[in-house]
Amino acid sequence: MSSMNRIPVILDCDPGHDDAIAMMLACASSELEIIGVTSAAGNQTIEKTTLNARKLMTFLNLQVPIAAGAPGPLFRKLIVAPEVHGSTGLDGPELPEPAVGLESCSAADLIARLVRTSETAVTLVPTSALTNIALFLTAYPELKDNIARISLMGGGVNGGNWTPAAEFNILVDPEAADIVFRSGIPLTMAGLDVTHKAIVTREDTEQFRLLGNRAGVLTAELLDFFVTFHEENFPQFGGSPIHDACAVAVLVKPELFTIRPMHIAIDTDGELTTGTTVGDQRHGFAPPPNTDVLMDIRREEFVRFLIERIGSLA
Ligand code: BDR
Ligand code: CA
């Protein structure tokens, strides 16, 4: 696909096993042009997620600017998830030492630079807390119109994973999420409604290993860790949700998903519900939709799609 027709994207991520698979999927998708990467604090501290992102970029030979994100949420103490992603944030596979340098500016400033200089409106793909995106929108409101869409992993309209009501990425920085969901920018939300159905099983893992290419083997090693974690803690899934890959996949192959436009508001101060993405599903009473919410996925096709795309990498 000529670079004229490719969607320019910036990946904002906290790798993270599923962030890593999302990055590989984006690299393998000629429909997208990754123009930059920013790291976010969430699955681990910003030092660890930034290192992981640089290692992945080195592995993938992804030569675009990367900047480190904010060390923590706008107003809250950082929550990290070592129980899900290990003490490094990306336990399991051996990755090369980073050979890509780090920009000296902040993530928000890098996003602004890339958006300002892009010929086409840019799509942001945050698969982490929305801190960097909120800082960018607050500091550079004049660039809002140059954002085509924000396709994010976070939230869910039918319950959470980190609390009964809230999903991890939104819970980490609800005030940032509030800024993003009020921004007026077209939003796509890959929340738990869909990602808990975007399951890769242990058998699927072997299909990635059998691909035999470096990226296929890396994916299998990431899945060895991630599937084991989910089998031990959430056997009902029958494998591991690959949350973050959905936020990329929907840009490339929307027909994999059932998408429902909905109005989403963020609860920032509920006693039991802080970090909830409240979807208004009332007939006739709901405000106009501000978000395309992914509700369902063709799982087997999704897995075949991942295998095919990751198989096309080196
Ligand atoms: C989200 O939280 C992180 O642990 C994952 O990388 C994903 O972005 C799922 O709740
Ligand atoms: Ca993530």
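The values are calculated or read from the model by the stated rules, or taken from the named source; none is laboratory data. Keep in mind that what you see is a predicted model, and the values were worked out from it rather than measured. Counting neighbours? That spans all protein chains shown, and the Cβs are built from the backbone with ideal geometry, glycine included. Surface areas here come from the heavy atoms of the whole protein model, side chains and all, with no ligands, DNA or RNA. Shrake-Rupley method; radii C 1.70, N 1.55, O 1.52, S 1.80 Å.
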Calculated Rg and Dmax of the stretch 219-287 using C-alpha coordinates, Å: 16.7, 48
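With all protein chains present, how much of the accessible area of the chain (probe radius 1.4 Å) comes from carbon and sulfur, to the nearest whole percent? Each step should come with its number before you reach the end.
Values: 6630 of 12660 Å².
Of all accessible area on the chain, carbon and sulfur atoms account for 52 percent.
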Note, LEU32: beta-carbon cut-off 13 Å, +1 each Lys/Arg, -1 each Asp/Glu, net +2
What does the charge count around THR58 come to, taking other residues whose C-beta lies under 15 Å from its C-beta (Lys +1, Arg +1, Asp -1, Glu -1)? +1
With each pseudo-label sitting 7 Å past Cα toward Cβ, what's the HIS283-GLN63 distance in nm, one decimal? 5.8 nm
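So for the stretch 18-115, averaging the separation of alpha carbon pairs under 8 Å that are six or more residues apart and normalising by length, what relative contact order in percent results?
Working: 142 pairs, mean separation 33.5, N = 98.
This gives 34 percent for the stretch 18-115.
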Where the Cα pairs of the stretch 150-247 fall when distances are cut into 5 Å bins, in %: 3, 13, 19, 21, 17, 12, 9, 6, 1
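If R₀ is 51 angstrom, what is the calculated FRET efficiency for the pair PHE75 and SER312, using the beta carbon separation as r and rounding to 0.05? Please list the in-between numbers first.
Details: r = 42 Å, r/R0 = 0.83.
The value I calculate is 0.75.
ARG304: net charge of surrounding residues, Cβ under 10 Å, Lys/Arg +1, Asp/Glu -1, itself excluded?
Details: positive: ARG298, ARG299, ARG309; negative: ASP204, GLU300, GLU301, GLU308.
With Lys, Arg at +1 and Asp, Glu at -1, the net is -1.
Under 8 Å for C-alpha pairs, at least 6 residues apart: give me the relative contact order for the stretch 100-182, rounded to a whole percent. Spell out each step's value before the answer.
Details: 105 pairs, mean separation 26.0, N = 83.
The normalised contact order for the stretch 100-182 reaches 31 percent.
Using 0.36 nm times the number of residues separating GLU97 and ARG214, minus their current alpha carbon distance, what extension gain do you get?
Values: separation 117, 0.36 × 117 = 42.12 nm, distance 1.58 nm.
Full extension from GLU97 to ARG214 adds 40.5 nm.
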What FRET efficiency comes out for GLU142 versus SER104 if R0 is 30 angstrom and r is the Cβ-Cβ distance? Round to the nearest 0.05. 0.85
Surface/4 estimate of mean projected area, convex hull on alpha-carbon atoms of the stretch 1-64, nm²: 3.9 nm²
What does the accessible area of LYS48 come to, in Å² to the nearest 10, when a probe of 1.4 Å is used? 80 Å²
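Projected area of the chain, taken from the Cα convex hull and averaged over every viewing direction, in nm²?
About 14.9 nm², averaged over all directions.
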Run the numbers on the chain and let me know its relative contact order in percent, using alpha-carbon pairs under 8 Å that are six or more apart. 19 percent
How much space per residue, in cubic angstrom, does the convex hull of the C-alpha atoms of the stretch 180-314 take up? 135 Å³
